[in-house]
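The values are calculated or read from the model by the stated rules, or taken from the named source; none is laboratory data. This structure is a prediction, so every number in the text was calculated from the model and none was measured. Every residue, glycine as well, gets a Cβ built from its backbone with ideal geometry; the counts of neighbours run over all protein chains shown. Note: accessible area is taken over every heavy atom of the protein model, side chains too, but ligands, DNA and RNA are not part of it. Shrake-Rupley method; radii C 1.70, N 1.55, O 1.52, S 1.80 Å.
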Amino acid sequence: MALEALVARLSFYSEIGDAERAKLLSLGSKIRPFAAGQEIVSAGEPMDAVLVMREGWAARFKELEDGRRQILNILLPGDIFDLQVLVAAEADHGVVALTAGSTYAIAPQAVRDLMAGSGGLTMAFWWTQVQEEAFLREQIVRNGRQSAQERIGHLLLELHRRAQIVNLAGEDTLRLPMTQTQIADTLGLTPIHTNRVLRRLVREGYIETNRQWIRFLDADSLAAMCDFDPAYFHLDAFRMRLGRG
């Protein structure tokens, strides 16, 4: 059965009945594997499919002419690369794989037809874009106004919450398959400064680290320190709208 990750993600935002679920699962899709470090999408290249993360982690990025890179946000299983392909012919940013994994590739016309025939699925796709825009707004504030320690704490808590939603994190643990350079490129820092701040967060008792694993020792204090409020995930709004309490 294909597209399980997409079905799980969209089901979180909208009541999807058996008929709509069947339509989603019957969408023609191809699995495209990728290796860690592979550029999955290159800026300026023609876009031929709606890509959905099936497994693994990836990152959207923009690169300057001198090679400096800004990571815009992180993509987890179930995330849609861009619905931009439905209205544009070329990618305006790149996507790079942070780990090995794969995507679903769906024909744009099939997605258009699906959304045209189902108000519930259109709403679900729309909610995913609302949430992604919220993440991008938070990224702007994080990088524009917060200290290095606040930025790193905030990003760790955000990724932990997102990974929990797709069952990739424990109550207080997160496998973070990002190098310190990638974290630095996400937060507008240098790798050296990133390393120093991570060690400070460990020293001050907020987290402990072991290879790619992070354990949150005092998530509430960390959230207070970096002003992390998950309200921008809009999860309560989804549940209230759906009557899930």
Checklist entry - Which percent of the accessible heavy-atom area of the chain goes to carbon and sulfur, probe 1.4 angstrom? => result 51
Item to check | Selected from Ala19, Ala43, Ala148 as most flexible by GNM, with the chain as the system and alpha-carbon contacts under 10 Å | outcome: Ala19
Checklist entry - Helix-derived [θ] at 222 nm for the chain: sum -39500 (n - 2.57) over DSSP H runs of at least 4, divide by residue count, nearest 500? => result -14000 deg cm²/dmol
Checklist entry - What accessible surface, in Å², does a 1.4 Å probe find on Val87, ignoring ligands, DNA and RNA and rounding to the nearest 10? => result 130
Checklist outcome for this item: HN-Hα couplings for the range 63-80 via Karplus (6.51, -1.76, 1.60; θ = phi - 60°), in whole Hz with x for Gly/Pro, come out as 10, 7, 4, 8, x, 5, 10, 10, 7, 8, 6, 9, 10, 10, x, x, 6, 8
Next on the checklist: Can you tell me which of Ala116, Ala59, Ala49 moves the most in a GNM of the chain? Springs connect C-alpha atoms under 10 Å apart.
Outcome noted: Ala116
Item to check | Rounded if a/c under 1.5, otherwise prolate or oblate - the range 61-101, Cα gyration tensor axes | outcome: oblate
Checklist entry - Can you give the accessible area per residue of the chain, in Å², using a 1.4 Å probe? => result 49
Checklist entry - What base-10 log of the normalised intensity I(q)/I(0) is obtained for the range 118-179 from the Debye formula, alpha carbons as equal point scatterers, at q = 0.15, 0.17, 0.22 Å⁻¹? => result -0.60, -0.73, -0.98
Item to check | q = 0.19 Å⁻¹, the range 30-165: log10 I(q)/I(0) [Debye, one scatterer per Cα] | outcome: -1.26
Item to check | Total formal charge among the other residues, if their Cβ is under 14 angstrom from that of Ala169, Lys/Arg +1 and Asp/Glu -1 | outcome: +1
Checklist entry - Nearest 10 degrees, 0 to 90: what angle lies between the long axis of helix 119-145 and the longest principal axis of the chain (Cα atoms)? => result 20
Checklist entry - Stokes-Einstein at 25 °C, 0.890 mPa s, Kirkwood radius from Cα pairs: D for the range 138-221 in µm² s⁻¹? => result 190
Checklist entry - What distance in nm separates the simple spin-label points at Ala19 and Arg215, each placed 7 Å from Cα in the Cβ direction? => result 5.1
Checklist entry - How much solvent-accessible surface does Ser221 expose, in Å² to the nearest 10, with a 1.4 Å probe and all protein chains in place? => result 50
